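The values are calculated or read from the model by the stated rules, or taken from the named source; none is laboratory data. Since the structure is predicted, the reported quantities are computational estimates derived from the model, not experimental observations. Every residue, glycine as well, gets a Cβ built from its backbone with ideal geometry; the counts of neighbours run over all protein chains shown.
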Amino acid sequence: MTNAKFVTASDSLDSWRDEVLTGKPPTFYKIADSGPLARIEVGPKLITLFGGAPGSGKTAFVMQSVVDALRLNPTLRAVVCNIEMPPEVLLDRQLSRLSGVPLNFIRYRTLNAHHADRIDVAMGTIESVADRLCFVRPPFDLANAAAAATAFTEGHSGGVLLVFDYIQRIAPPGELGDKRGNVDATMSFLRMFADAGAAVIVVSAVGRQKDSKGRSSYSADSMNLASFKESGELEFGADDAFILAPSAEESGIRDLKHLKARHTEPVDISLRFEGAIQAFEAIEPGTTDPHGFSAALNELWDRTDGGGDSWD
């Protein structure tokens with residue numbers, strides 16, 4: 001007969017009460033200075049899941065979150081395992097976002113003197129976090145990602161953020177025969193990373209769902225927890241699960257649907273997406289100012305000592 005292992009509530013009461021009344025709150029790594037995005041919980045022992053259709057901007061959103069987390073949390077290190085885009089392309093996008101210079105000028109290397117000041121300031125921002133950001137090189141499997149993270153964070157006493165983009169193509173140890181089994185196994189390993197103290201962001205592909213009229217769609221209204229591809233352990237293992245989808249009501253707006261919140265109340269966030277510079281800005285509830293995004297960019301430019309000209 002197996003020995004039963006349990007603890008009574010009364011045995012735990014004293015330590016639990018002391019922790020509630022005098023203990024420290026959980027640690028979170030802010031991914032935005034303020035507003036709705038600052039309330040997204042990314043932190044040690046947490047898995048935060050983001051999904052989105054092809055072209056929805058999920059990688060742009062996650063990399064914006066990573067770079068801003070590094071900027072706002074000076075002891076944090078981030079390890080990014082992205083199977084679709086090399087580091088140079090990801091950095092191009094961040095340079096565009098931080099400078100406000102359209103991505104086409106950066107991608108095709110056609111910058112001119114008009115861009116110089118903004119590019120210099122944005123380069124400085126990226127350089128300030130570059131030694132705390134690393135990118136996993138092939139092979140894109142869990143063993144290599146874990147080895148890279150271990151090497152990059154050895155002797156580091158600050159926080160660690162691990163990013164996997166996207167999970168359906170990151171292989172776990174061994175072959176499990178089908179895609180869902182592989183994803184379930186990968187998610188189980190990521191939970192172990194989180195339990196060891198890492199913050200984990202997972203990016204997932206999603207499948208089309210039937211909308212209210214029975215049409216196959218990627219619209220925000222049709223997305224739910226079952227939309228994650230090889231769904232199962234994904235939504236079960238995540239602490240928070242979001243899907244980024246185009247708004248059904250307004251062009252250029254993305255709805256970040258908060259489908260699962262293990263520790264809080266789920267709250268959807270509306271985002272304005274500026275595709276030319278691959279930047280997202282949260283829309284505060286009740287805000288209808290069409291120039292809100294330009295104003296936010298001007299504010300960011302002022303904070304980075306760009307000064308002078310406007311984003312408009």
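Below is a table of values for the structure above.
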| read-out | value |
| --- | --- |
| Options G197, G181, G177: the member that is modelled with pLDDT of 90 or more and either surrounded by fewer than 17 Cβ atoms within 10 Å (Cβ to Cβ) or not in a helix (DSSP H, G or I) (or both) | G197 |
| Filter pass, G100 being at positive phi and either in contact with a Lys or Arg (Cβ under 9 Å, 6 or more places away or on another chain) or among the small types (G, A, S) (or both) | yes |
| Residue that is modelled with the lowest pLDDT, among those in the stretch 200-221 that are within 24 Å of I47 (Cα to Cα) and of a type in the set (G, A, S) | A220 |
| Close pairs from the stretch 144-166: first under 16 Å from L90 (Cβ atoms), partner outside any helix (DSSP H, G or I) and modelled with pLDDT under 95, Cβ under 6 Å, at least 6 apart | F164/I170; Y166/S204; Y166/A205 |
| Condition check for L72: in contact (Cβ under 8 Å) with a residue 12 or more places away in the chain, over 29 Å from G155 (Cα atoms) and over 14 Å from the mean Cα position of the chain (by Cα) | no |
